[in-house]
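I have placed the structure first, in the form of structure tokens, so that the comments after it can refer back to it.
The values are calculated or read from the model by the stated rules, or taken from the named source; none is laboratory data. As the structure is a computational prediction, the values presented were derived from the model and not from experiment. Ideal geometry is used to build each Cβ from the backbone, glycine not excepted, and the neighbour counts take in all protein chains shown. Only protein heavy atoms, including side chains, enter the accessible area calculation; ligands, DNA and RNA are left aside. Shrake-Rupley method; radii C 1.70, N 1.55, O 1.52, S 1.80 Å.
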Amino acid sequence: MAGEWDIKGRSGKCAVTGQDFQAGEYFYTLLFHDKEGFRRTDLSEEAWRQRNDNIQPFSFWRSKFEPPPALQPEPLARETAEDLLRRYMAGTDTRHANTRYILALMLERKRLLKQIEARDDGFGRVLIYEHAKTGEVFVIPDPALRLDQLEAVQNEVAALLR
């Protein structure tokens, strides 16, 4: 189950032509869902126009390529909401579905994650996010939280981030 949500980050080049994307160049991201899980493919605009329209992705979107910024070392190691989401996305424990959902919403409000699409995958609603800086894709199942459940999950997340 955990491997199903493990999607590689944005590529620096077109999957078809092999040409590097340039800063400011538009490209397309196609997300396919098969029996192994989700698979991401990045295409140049030229490759997008020449692709086989009969092969439909689970989701797709157009983005502007920005090279990732140089990583700055953190002065203090502290687990952030993003770190916590990444840890829970890598785990196999399904008990963290509510926490993953709230963390994704928090990161969306901070503009670190950008919601690309929300759709039904046959098992329920999933939210597809792209990381604003790295281009990584996060597929977050919507746990359909009720209002009476929100406060407990928010308190759990707050406690984890302290």
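Before moving on, here are some points about what is shown:
- Surface listing: 20, 42, 93 arranged by accessible area from highest to lowest gives 20, 93, 42, probe 1.4 Å.
- FRET efficiency, 1/(1 + (r/R0)^6) with R0 41 Å, evaluated for residue 149 and residue 16 via beta carbons: 0.40
- Under the membrane-span-like helix rule (DSSP H runs whose alpha carbons stretch at least 20 Å along the helix axis, mean Kyte-Doolittle hydropathy -0.5 or higher), the chain yields 147-161.
- Across q = 0.08, 0.14 Å⁻¹, the chain modelled as identical point scatterers on its alpha-carbon atoms has Debye log10 I(q)/I(0) values of -0.26, -0.78, in the order of the q list.
- Neighbour cut-off at most 16 other Cβ (10 Å), DSSP loop, chymotrypsin sites (Phe, Trp or Tyr not before Pro), region 85-162: 123
- In the context of the full set of protein chains, residues of region 5-75 present 66 Å² of accessible surface per residue (probe radius 1.4 Å, heavy atoms only).
- Qualifying trypsin sites (Lys or Arg not before Pro) in region 75-143, DSSP loop, other Cβ atoms within 10 Å at most 16: 78, 110, 111, 133
- Filtered trypsin sites (Lys or Arg not before Pro), region 8-52: DSSP coil and at most 12 other beta carbons within 10 Å: 35
- Accessible carbon and sulfur surface of region 6-45 relative to its total accessible area, %, 1.4 Å: 43
- Carbon plus sulfur fraction of accessible area for region 63-149, probe 1.4 Å, in percent: 53
- Contact order normalised by residue count of the chain, Cα under 8 Å, 6+ apart, percent: 22
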